[in-house]
1. Go through (1) small (Gly, Ala, Ser); (2) open to solvent by 50 Å² or more (accessible area, probe 1.4 Å); (3) touching a strand residue (DSSP E or B) at 6+ places or on another chain (Cβ under 7 Å) and name the single condition Ser60 misses.
2. Checking the structure you have, find out if any residue of the range 35-47 is more than 9 Å from the chain's Cα centre (by Cα) and at pLDDT 95 or above.
3. Any idea how many residues of the range 63-72 are in contact (Cβ under 8 Å) with a residue 12 or more places away in the chain, assigned to a loop (DSSP other than H, G, I, E, B), surrounded by fewer than 14 Cβ atoms within 10 Å (Cβ to Cβ) and not β-branched (Val, Ile, Thr)?
4. So Lys52 ticks every box in (1) open to solvent by less than 50 Å² (accessible area, probe 1.4 Å); (2) assigned to a helix (DSSP H, G or I) but one. Which box is left unticked?
Amino acid sequence: MNSFYIYENWRATDKCVIHLADCRYCNFGKGTERGTKGEENGRWHGKFNSYKETLEFSISLGRKKVAPCKVCNPNII
């Protein structure tokens, strides 16, 4: 079963990006861990068990944009 995470970025883009847990950018909610500044620019949310649940939570965060990751395409699962 797939699981999902959200990266909420309030600094650079004011958006939420939905990822599959094993996406190289997500790494089960740890991100790439390169050049990280903790939660200065954003934070991870999850683990979610369905895309619908993840999307609903993303929308509730109130960011300007909510989008699926263009690398792992979680919305096609």
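1. (3)
2. Pass one, the range 35-47, residues more than 9 Å from the chain's Cα centre (by Cα): 35-42, 47.
Among the residues that remain, those that are also at pLDDT 95 or above are: 47.
For the range 35-47, residues more than 9 Å from the chain's Cα centre (by Cα) and at pLDDT 95 or above: present.
3. So the first thing to find is which residues in the range 63-72 are in contact (Cβ under 8 Å) with a residue 12 or more places away in the chain, and the list is 63-69, 71-72.
When the remaining residues are screened for being assigned to a loop (DSSP other than H, G, I, E, B), the result is 63-64, 69, 71-72.
Now restrict to residues that are surrounded by fewer than 14 Cβ atoms within 10 Å (Cβ to Cβ): 64, 71.
Still in the running and not β-branched (Val, Ile, Thr): 64.
Total satisfying the criteria: 1.
4. (1)
The values are calculated or read from the model by the stated rules, or taken from the named source; none is laboratory data. It should be emphasised that the depicted structure is a prediction, and the values quoted were computed from it without experimental measurement. Using ideal geometry, Cβ is built from the backbone for each residue, glycine included, and neighbour counts are taken over all protein chains shown. Surface areas here come from the heavy atoms of the whole protein model, side chains and all, with no ligands, DNA or RNA. Shrake-Rupley method; radii C 1.70, N 1.55, O 1.52, S 1.80 Å.
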